[in-house]
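Let me begin by presenting the structure, written as structure tokens, before commenting on it.
The values are calculated or read from the model by the stated rules, or taken from the named source; none is laboratory data. What you are looking at is a predicted structure, and each value in this text was computed from that prediction instead of being measured. So basically every Cβ, Gly included, is an ideal-geometry build from the backbone, and we count neighbours across all protein chains shown.
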Amino acid sequence: MVAELQGIGMTSRRTRMRLIHRLREEGIQDERVLAVMAELPRHIFLDEALAHRAYEDTSLPIGYSQTLSQPYIVARMTEILMEHQPTRVLELGTGSGYQTAILARLTDRVFSVERIKPLQDRARERLRQLGLRNALLKHADGGMGWPDKGPFDGIMLTAAPKEIPAELKSQLADGGVIVAPVGEQSQTLVKLVRRGDSYEATSIEAVNFVPLLGGVVR
């Protein structure tokens, strides 16, 4: 099985570049984001049985009713976030750690919260293997954010709340941006920028994410 995974790694360079070409065709323009996604081995963030599908432009299961998001959505959300050049980013929903790894390569510091402990443990090991030491992980209810590490100049949600929690807005620095899927049956990707005590919201496009849930799983 190890040899098989190594073989996937050898062929993944070509399939990664095909994926990057597809992302460009779909409208992703930030070359920083595309370069990181071209370098990052997405297959290591999946179970071995699914590793051969890592460079398809589709979401894939990672267990516990969670998914590794579609590469286009990962790129789009990251591109929107990076328009504001954040240095300290809060991520809610570590999941497999793939989005965390991308953010860690693009920003100075990432603070990532995950409510499902086994997923967090696997993500931590993958980030360690990649030598990404600027990502700090926490096992907690994501809806509460990480108050004692704020304020953040970027916040990304990888699960959809009914509306963006006030607790998260309060942890956003002035001029900072939240990128989040919002809604229940019908979800929209939203960009929320803080301007003093007010927030400027922009709807981007329709999306489909797992819901943001409270509580923790050990």
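Would segment 90-111 turn up any residue that is under 26 Å from SER186 (Cα atoms), among the charged types (D, E, K, R) and part of a helix (DSSP H, G or I)?
no
Restricted to segment 146-157, and to residues that are assigned to a loop (DSSP other than H, G, I, E, B) and at pLDDT 95 or above, which residue is nearest to GLY215 (Cα to Cα)?
Selected residue: TRP146.
Filter segment 63-77 down to residues that are in contact (Cβ under 8 Å) with a residue 60 or more places away in the chain and of a type in the set (Val, Ile, Thr) and give me whichever is nearest to PRO118 (Cα to Cα).
Residue satisfying both the conditions and the ranking: THR67.
Give the residues of segment 166-195 that are more than 19 Å from ARG88 (Cβ to Cβ) and either of a type in the set (Gly, Ala, Ser) or within 18 Å of the chain's Cα centre (by Cα) (or both), sorted by residue number.
ALA166, PRO181, VAL182, GLY183, SER186, GLN187, THR188, LEU189, VAL190
Taking LEU92 and the conditions (1) of a type outside the set (Phe, Trp, Tyr); (2) surrounded by 23 or more Cβ atoms within 10 Å (Cβ to Cβ); (3) modelled with pLDDT under 95, which numbered condition does it fall short on, given that it satisfies the others?
It fails just one condition, (3).
Name the one entry in ASP174, ASP197 that is modelled with pLDDT under 95 and surrounded by fewer than 21 Cβ atoms within 10 Å (Cβ to Cβ).
Answer to the selection: ASP197.
Among the numbered conditions (1) among the aliphatic types (A, V, I, L, M); (2) over 27 Å from LYS169 (Cα atoms); (3) out of contact with any strand residue (DSSP E or B) (no Cβ under 7 Å at 6 or more places or on another chain), tell me where LEU46 comes up short.
The number of the failed condition is (3).
Scanning for something buried (at least 20 other Cβ atoms within 10 Å of the Cβ), in contact (Cβ under 8 Å) with a residue 12 or more places away in the chain, within 24 Å of LEU40 (Cα to Cα) and among the charged types (D, E, K, R), does segment 107-121 turn up at least one residue?
yes
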